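Worksheet: the structure to be examined is printed underneath.
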Amino acid sequence: MTAHLTTPELIKVANAAVAAGLASMRPVLLGALNAQFANSQMGLNELPPLPQTIADLQRLNSVRRLVDGSVPLRDWLGMAVELVGPREEAKVLREALDKVARKVAGEPTPFTPQELPETNEKIVHQDDMVPVGFLAGGVAAGRSVARLEVPRFEGGDQIELAPGKPLLFLGTGWVAAERLLVTNHHVVAAREVGEPPPADADLRAQAAGARALFGYDADTLPGETVLIEALETSDAGLDYAILRAAAPLPGPPLARAAERLPNLVNGYIPVNIIQHPGGRSKMVAIRNNLVTASGDTDLRYFTDTRGGSSGSPVFDDTWRVVAVHRGSSTVEDVDFQGRSTAWVNVGTQLAAILDHVHANRPGLYAEITGG
């Protein structure tokens with residue numbers, strides 16, 4: 001297994017963290033990690049600030065992922081970015097978080113952020129008022145969003161971190177029909193960036209071994225586990241997969257937008273994401289994701305934080321699914337609501353996915369749409 005970051009990258013992160021004053025916040029940073037791992041593996045704070053930070057990062061950089069599917073280095077970097085805020089050192093931390101998060105999730109990178117036309121715009125959202133029913137609609141939609149755990153297979157064998165502890169890849173899925181769940185193809189592929197794709201038999205075994213956890217709305221809530229029994233269909237280009245559950249799913253099918261979101265000449269349409277970022281308990285990003293480009297297959301939306309979790313439903317303000325979130329990348333020198341840094345996110349238009357299903361699996365399309 002290769003490290004998440006190179007040694008020069010790791011030292012650059014350590015220097016930025018110390019310069020930003022994070023050495024004194026070590027307990028907070030370690031608090032973002034799996035508690036058992038942090039308590040047993042991270043040791044005491046016994047060195048001067050820079051050597052201690054480098055030592056911590058070296059340990060985190062050597063861990064691929066834990067048995068719960070979490071990636072300690074990604075979690076450390078995520079907390080570091082939050083703690084640093086708008087300081088100039090944040091750029092180094094954001095870039096490292098972006099690299100690690102995309103790599104371990106297997107997120108495709110279908111665009112070069114610096115070449116996007118939106119980077120030359122001043123992106124400002126002016127109206128955050130919504131009807132009071134907006135909140136109730138979000139709560140209802142959240143019942144149909146689940147955390148996904150996908151085991152990894154290679155050559156027909158399930159890969160384990162320890163006996164009885166499978167290597168898990170995490171994502172988000174959502175209910176499309178009584179027993180159908182939608183997510184990203186790269187979530188089910190269970191491979192990191194740069195690795196060869198799984199053989200078809202391994203891909204199907206991974207899907208059949210996956211589990212969906214509903215109602216995981218807080219760390220203290222156990223949720224309800226539903227087993228997946230099969231991969232119904234998928235497409236790497238559109239980056240979607242449709243899974244069949246072994247039993248009826250506990251949440252109702254989410255409402256679907258009838259049409260693609262339009263491109264506005266003046267202004268930006270806000271979208272909302274319900275997600276399990278990094279496999280953590282359910283989170284909601286509302287009205288601070290602004291659509292800047294809507295094409296036949298892709299939807300791009302900017303935000304001020306690294307949002308989204310692979311496979312998450314992207315909603316309009318009436319809580320209809322318009323896209324499936326598939327990736328994020330940081331971009332500098334963008335005037336986004338008064339900030340010079342933003343994250344550009346990309347999702348696959350749900351309409352494009354349904355068109356593909358209709359053309360290739362008409363029976364499955366009818367099961368999803370009811371006609």
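The table below lists the values:
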| item | result |
| --- | --- |
| Top-ranked residue in segment 283-321 [being in contact with a helix residue (DSSP H, G or I) (Cβ under 6 Å, 6 or more places away or on another chain) and modelled with pLDDT of 90 or more; ranked as surrounded by the fewest Cβ atoms within 10 Å (Cβ to Cβ)] | Thr297 |
| Close pairs (6 angstrom Cβ cut-off, 6 or more residues apart or separate chains): surrounded by 14 or more Cβ atoms within 10 Å (Cβ to Cβ) in segment 147-171, among the aromatic types (Phe, Trp, Tyr) anywhere | Arg147/Tyr216; Val150/Phe169 |
| From Leu290, Leu249, Leu221, Leu231, residue being out of contact with any Ser or Thr (no Cβ under 6 Å at 6 or more places or on another chain) and under 19 Å from Pro151 (Cβ atoms) | Leu231 |
| Conditions (1) exposed (fewer than 14 other Cβ atoms within 10 Å of the Cβ); (2) at pLDDT 95 or above; (3) farther than 22 Å from Ile273 by Cβ; number of the one not met by Glu229 | (1) |
| Odd one out for Asp235, checked against (1) among the acidic types (Asp, Glu); (2) in contact with a Leu (Cβ under 9 Å, 6 or more places away or on another chain); (3) within 25 Å of Val322 (Cα to Cα) | (2) |
| Residue match in segment 172-184 (condition: in a loop (DSSP other than H, G, I, E, B), out of contact with any helix residue (DSSP H, G or I) (no Cβ under 6 Å at 6 or more places or on another chain) and modelled with pLDDT under 95) | no |
| Which listed residue, of Ala255, Ala210, is of a type in the set (Gly, Ala, Ser), surrounded by 13 or more Cβ atoms within 10 Å (Cβ to Cβ) and touching an Asp or Glu at 6+ places or on another chain (Cβ under 9 Å) | Ala210 |
| Selection count, segment 53-64, where residues are of a type outside the set (Val, Ile, Thr) and either under 14 Å from Leu170 (Cβ atoms) or not in a helix (DSSP H, G or I) (or both) | 2 |
| Complete set of residues in segment 235-252 that are touching a helix residue (DSSP H, G or I) at 6+ places or on another chain (Cβ under 9 Å) and either surrounded by fewer than 21 Cβ atoms within 10 Å (Cβ to Cβ) or assigned to a loop (DSSP other than H, G, I, E, B) (or both) | Asp235, Ala236, Gly237, Leu238, Asp239, Arg244, Gly251, Pro252 |
| Any chance Leu50 is surrounded by fewer than 21 Cβ atoms within 10 Å (Cβ to Cβ), over 24 Å from Arg152 (Cβ atoms) and aliphatic (A, V, I, L, M) | yes |
| Residue in segment 43-51 that is closer than 21 Å to Phe169 by Cβ, among the aliphatic types (A, V, I, L, M) and modelled with pLDDT of 90 or more present | no |
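Residue-by-condition table, conditions (1) under 28 Å from Gly311 (Cα atoms); (2) in contact with a helix residue (DSSP H, G or I) (Cβ under 8 Å, 6 or more places away or on another chain); (3) assigned to a helix (DSSP H, G or I):
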{"position": "Ala3", "(1), (2), (3)": "yes, yes, no"}
{"position": "Leu10", "(1), (2), (3)": "no, yes, yes"}
{"position": "Ala32", "(1), (2), (3)": "yes, yes, no"}
{"position": "Leu44", "(1), (2), (3)": "no, no, no"}
{"position": "Leu50", "(1), (2), (3)": "no, yes, yes"}
{"position": "Leu66", "(1), (2), (3)": "yes, yes, no"}
{"position": "Leu77", "(1), (2), (3)": "yes, yes, yes"}
{"position": "Arg94", "(1), (2), (3)": "yes, yes, yes"}
{"position": "Val100", "(1), (2), (3)": "yes, yes, yes"}
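The values are calculated or read from the model by the stated rules, or taken from the named source; none is laboratory data. Since the model is a prediction, treat every value here as computed from it, not as a measurement. FYI the Cβ positions are ideal-geometry reconstructions off the backbone, even for glycines, and counts take in every protein chain you see.
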